[in-house]
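The block underneath contains the structure these notes are about, expressed in structure tokens.
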Amino acid sequence: MTKKEKHDELLISHPPHIRSSESIPRIMWTVIIALAPAAVFSVYLFGIRALVLISVSVVSAVIAETLIRLLLRKPATSLDGSAVITGMLLAMNLPPLAPWWMAAVGSFFAIIIVKQLFGGLGFNIFNPALAARAFLTASWPAHMSGDWYRFSDMNVLSPAINNAAGFPPEVFDALTRATPLALLKEGPKILADNNISVSRLYDMATSADMLKSLFAGNVGGVVGETSAILLLAGALFLFIRKIITWHIPVTFIGTVAAAAAVFYSLMGLSAPHLTALYHVLSGGLLLGAFFMATDTVTSPVSGKGKVLFGIGCGLITFIIRMWGGYPEGVCYAILIMNALVPLIDRFMKPKVFGVRKMKTGEARVLASPKNKGVAK
Amino acid sequence: MEIKVIVTILLGSIFINNYVLARMLGVCPFLGVLQKLDSAAVLGLAVVFFMTLTSFITYPIYKYVLAPNNISYLTTIAFIIVIGSLAQFMEMIIRKYCPPLFQALEIFPPLIVTNCAVLGAAVINISSGFAGPDVTLGMIKSVAQGFGGGVGFTLALIIMVGIRERLELADIPENLKGAPVTFLTAGLLALAFFGFSGLKI
Amino acid sequence: MKYGEVFTKGIWERNPQLVIGLALCPTLAVSTSVSNALWMMLATSFVLLGSNLLISSIRKIVPAHFRIPIFMTIIAAFVTVVDRLLSAYRPDVLHALGIFVPLIAVNCIILLRGEEFAQKNGMFASALDGIGMGIGFGLTITVLALVREILGANRLFGYVLIPGLEPAGVMILAPGAFFSIALMLWAVNALKSRRNRK
């Protein structure tokens, strides 16, 4: 059996996710265009360092893909766009002031270890960019949780937020040293230490200024996550081009919003829906839910499976955000659900095209790798 | 308060200090012995049961026999003997009263007894200082730790078997197939489980 | 019997972790630094030598039915000796290796050597087998530890290698252990298949 045949066979064994005749490069470049506005905005907001991160990351990813495929003696795929996307997404998941070599190391890890050693595009179990982010976080935690861009002085939170709530200056300084998500995690302690009612933290979080900044994107955070409106625009483009379906983003974001709304209303906040909105707009939820959880290779095939996947992502994200050690849980939630995809697919089998009359059991026997051995 | 302690121990041993992915105990059954999801689930259940039982029995042995007589250096021998005889005893009971289950479990007794996770659970109960003055609490903590450890092992095993099935279709470099790619997957899974680190209720 | 082969086979041909695929838990867990790895090699070799010798010497009087429990008790006894020795002379090492000292008792490779070799062979050969296997086991851990300590801590035997370089801390943690052993097994497989082709 030649390599080419093997490949064809494998493509048949995975039901087609995209029903149009679009080729892989076409899809990939569409995703890149969808990511572009948020990426360009990050350079405007964070300056040259963001541009350096994105360029280093993309170039390293393409180099890594070329090198490893040469080493493995496989046909080159460097320009199909998938490595470019991985590089872009990785950079968009790094703090703006992270050193450039971290982007390079992360890209090499993502492309070589997470993607190509598992068989390349279409076979990786985990989202390469997110696995690389987890790798970098475990390796250089100080950079990953501290290299934030400062808008002025120490202010990481947002230039648009002023001390309208009237916190004592040192408390306000402490609060604005955090990214919007870290604010929820560290804020209560800062306020408690200063004998200030914690409810004022949520007033600050749900103020019109704050929500507007989150929506527009002039807030702190990792490179690509800040601007909700541009991420939504990109996502809309992907919807229109039928690259992604509603299942995962809607259930993922919906679950986080619902969990937050329930949690904060049980806590007795006056505007739990606004705090839930804060959860949705802050951190990497929109970036993750639209651009990374939806990756067809690492998400379930069937609609039901996708819904389950999205709910799982949402719950784990919320649990880590509220009770975990890290401020953000989106990355880990998606990775953990990636690992569960084979099990979800197994129990929520999609309709197999062309074998309607067969029982599913027979279809599985035909599709099983053991049968391929016989065919050899 | 105590319920919180127990839940923390459970969450800890399942997610944060997962026996396989963080403590690196019980790694061998990962490597190719089990290909099928159902047999992995059965082995998992057996390990959960056995680790809970082991914790339940080894804790009082340490607390009432070894520690008071100042012979805690005999812990390893005592635990090995207890685990070995427990496995033998269970095998006899199952063979006598439930032959079909015995057949289903045939390959498992050696896998369970030589599984370092079982002795690991017993030793961790002692080294975590559960053998404090409050015996009942220590007992519950130990059993929770053993049970959680078994559940964590099963969780990792089932996820892994699921992924391995999918990897059979993948175009993986020839020399990387089998154990190497399984370890690669385990490493990535361990990275993903880092998300739970620091989880507090 | 070729004694040389009995001694050396554990190092490559029948290497416990790389070829037989056993004793992986301590390999992964203890390979965080080269000094831990060397101590583990010493402790495990001692237990292997002791249990192989004792099992070989009583091989004719052990009832076949009860041999496994007897072997396991013998192994656990030698582990206890190691534990006592370390606690008396090197408590720091005992602390660094932690629960993986008592867990030597369930290191499958030791039981396997007793079952597969020592109960069928004389004491001299069994001793050679034990030491050879111990060294093979230890070498694998040491190589792994070398990689992990250099990449994950920028250190070797505790000394900083390149001042100012920020090491990838994850290599010291569990994921790093899994990645390193995976790449090591990959390299070994590649070597083996290249040799087979020749």
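Distance from the Cα centre of the range C:105-152 to that of the range C:17-59, in angstrom? Taking the Cα centre of the range C:17-59 as reference, the centre of the range C:105-152 is 4 Å away.
Protein-only accessible surface at a 1.4 angstrom probe places the residues A:MET210, C:MET1, A:MET322 in the order C:MET1, A:MET322, A:MET210, largest first. Computed from backbone phi, the HN-Hα couplings of the range A:141-147 come to x, 5, 5, 5, 10, x, 7 Hz, rounded to whole numbers (Karplus: 6.51 cos²θ - 1.76 cosθ + 1.60, θ = phi - 60°; Gly and Pro given as x). Of the peptides B:10-22, A:279-291, the order by per-residue mean of other Cβ atoms within 10 Å, starting with the highest, comes out as A:279-291, B:10-22. When nucleic acids and ligands are ignored and a 1.4 Å probe is applied, A:TRP29 ends up with an accessible area of around 110 Å². The long axis of helix A:24-46 is offset from the longest Cα principal axis of chain A by roughly 20 degrees.
Placing +1 on the Cβ of every Lys and Arg and -1 on the Cβ of every Asp and Glu, with no other charges, gives chain A a dipole of roughly 2000 debye about its Cα centre.
Centre-to-centre, using Cα atoms only, the range B:147-173 and the range A:160-239 are separated by 39 Å. Rounded to the nearest 500, the helix-only mean residue ellipticity at 222 nm of chain A stands at -19500 deg cm²/dmol, with each DSSP H run of n ≥ 4 adding -39,500 (n - 2.57). Calculated mean residue ellipticity, 222 nm, chain B: -21500 deg cm²/dmol, from DSSP H runs (n ≥ 4) at -39500 (n - 2.57) each, averaged per residue and rounded to 500.
The portion of the accessible surface of chain B made up by carbon and sulfur, rounded to a whole percent, is 69 (1.4 Å probe; DNA, RNA and ligands excluded).
Normalised per residue, the accessible area of the range A:269-346 is 25 Å², obtained with a 1.4 Å probe and no contribution from ligands, DNA or RNA. Shown for the range B:55-95: residues covered by the partner protein chains by 20 Å² or more of accessible area relative to the chain by itself (probe radius 1.4 Å), namely B:TYR73, B:THR76, B:ILE77, B:ILE80, B:ILE81. Within the shell of other residues whose beta carbon sits under 15 angstrom from the beta carbon of A:PHE135, the net charge comes to +2, with Lys and Arg scored +1 and Asp and Glu -1. A cut-off under 15 angstrom between Cβ atoms defines the neighbours of A:GLY325, and their net charge, with Lys, Arg +1 and Asp, Glu -1, is +2.
Simple spin-label estimate for C:LEU191 and B:VAL5 gives 5.1 nm between the two label positions (7 Å along the Cα-to-Cβ direction from each Cα).
In this simple spin-label approximation, A:PHE347 and B:ALA67 carry label points 7 Å from Cα along the Cα→Cβ vector, and these lie 4.0 nm apart.
Between 0 and 90 degrees, the angle of helix A:228-240 with respect to the longest Cα principal axis of chain A falls at about 20 degrees. Got a sec? Charge dipole of the protein assembly as shown, +1 on Cβ for Lys and Arg, -1 for Asp and Glu; which of C:LEU103, C:VAL19, A:ALA83 is way out at the positive end? So the residue we want is C:VAL19. By a 1.4 Å probe calculation restricted to protein chains, A:ARG200 has an accessible surface near 80 Å², given to the nearest 10.
Here the convex hull built on the C-alpha positions of the range A:24-146 has a volume of 88 cubic angstrom per residue. Label positions at A:PHE239 and C:PHE66, each projected 7 Å from the Cα along the C-beta direction, are separated by 7.5 nm.
When the residues C:HIS65, A:HIS247, A:HIS273 are ordered by accessible surface, computed with a 1.4 Å probe over the protein chains alone, the sequence from largest down reads C:HIS65, A:HIS273, A:HIS247.
With a/c under 1.5 counting as rounded, go ahead and sort the range B:2-198 into rounded, prolate or oblate using the C-alpha gyration tensor (a ≥ b ≥ c being the square roots of the eigenvalues; past the cut-off, prolate if a/b is larger than b/c, else oblate). Please list the in-between numbers first.
On the way: a/c = 2.19, a/b = 1.43, b/c = 1.53.
Oblate, because a/c is 1.5 or more while a/b does not exceed b/c.
The mean count of C-beta atoms from other chains within 10 Å of the C-beta of residues in C:162-175, rounded to a whole number, is 6.
Normalised by the residues of chain A, what does the relative contact order come to in percent, with Cα pairs under 8 Å and at least six apart?
16 percent
Shown for chain A: the carbon plus sulfur share of the solvent-accessible area, taken with all protein chains present and a 1.4 angstrom probe, equals 66%. For chain C, what are the DSSP H helices with axial Cα length of 15 Å or more and mean Kyte-Doolittle hydropathy of at least -0.5? Within chain C the helices that satisfy the rule are C:34-57, C:67-89, C:123-153, C:174-197.
Going from the chain on its own to the full set of protein chains, the range B:161-175 has these residues losing 20 Å² or more of accessible surface (heavy atoms, 1.4 Å probe, no ligands, DNA or RNA): B:GLY162, B:ILE163, B:GLU165, B:ARG166, B:LEU167, B:GLU168, B:LEU169, B:ALA170, B:ASP171, B:PRO173, B:ASN175. Taking 0.36 nm per residue of separation and subtracting the Cα-Cα distance, full extension of the segment from B:SER127 to B:LYS96 would add 7.5 nm. Surface burial for A against B, with a 1.4 Å probe and both sides summed, reaches about 3100 Å² of accessible area. Against chain A, whose longest principal axis comes from its Cα atoms, helix A:3-13 is set at around 70 degrees. Protein heavy-atom accessible surface, 1.4 Å probe, per residue over the range A:24-146: 33 Å².
The listed residues C:ARG194, A:ARG26 rank as C:ARG194, A:ARG26 when sorted by accessible area, largest first, using a 1.4 Å probe. Taking C:PRO163, C:PRO69, C:PRO26 as the candidate residues, the one with maximal mean-square fluctuation in a Gaussian network model of chain C, Cα springs under 10 Å, is C:PRO163. Each chain gives up part of its surface: B and C jointly bury about 3000 Å² of accessible area, both sides summed, for a 1.4 Å probe. Heavy-atom accessible area for A:THR245, with the other protein chains in place and a 1.4 Å probe, reaches approximately 60 Å². The shape of the range C:3-197 comes out oblate: with a ≥ b ≥ c from the C-alpha gyration tensor, a/c is at least 1.5 while a/b does not beat b/c. For the range C:14-80, the relative contact order works out to 26 percent when only alpha carbon pairs closer than 8 Å and six or more residues apart are counted. Within the accessible surface of the range C:148-198, defined with a 1.4 Å probe on protein heavy atoms only, the carbon and sulfur portion equals 65 percent.
You can think of it this way: the chain between A:SER265 and A:LYS212 has 16.8 nm of extra reach, that is 0.36 nm per residue less the Cα-Cα gap. Computed 3J(HN,Hα) for the range A:108-125, one whole-Hz value per residue from the Karplus formula 6.51 cos²θ - 1.76 cosθ + 1.60 where θ = phi - 60°, is 4, 4, 4, 6, 7, 6, 7, 9, 5, 5, 8, x, x, 3, x, 10, 4, 7, glycine and proline marked x.
Given a 1.4 angstrom probe, what's the average accessible area per residue across the range C:18-86, in square angstrom? Intermediate results must be reported in sequence, preceding the final value.
Details: 2650 Å² over 69 residues.
Normalised by residue count, the accessible surface of the range C:18-86 is 38 Å².
Across the range C:3-197, the mean sequence separation of Cα contacts (distance under 8 Å, 6 or more residues apart), normalised by length, yields a relative contact order of 35 percent. Across the range A:270-282, coupling constants 3J(HN,Hα) worked out from phi with the 6.51/-1.76/1.60 Karplus curve, θ = phi - 60°, read 6, 10, x, 5, 6, 5, 4, 4, 4, 4, 5, 7, 8 Hz, and Gly and Pro carry x.
The values are calculated or read from the model by the stated rules, or taken from the named source; none is laboratory data. Computed from a prediction, not measured in an experiment: that's the story for all the values here. Here Cβ is always computed from backbone atoms with ideal geometry, including for glycine, and neighbour counts include all displayed protein chains. Side chains are part of the model used for accessible areas, which takes the heavy atoms of the whole protein and leaves out ligands, DNA and RNA. Shrake-Rupley method; radii C 1.70, N 1.55, O 1.52, S 1.80 Å.
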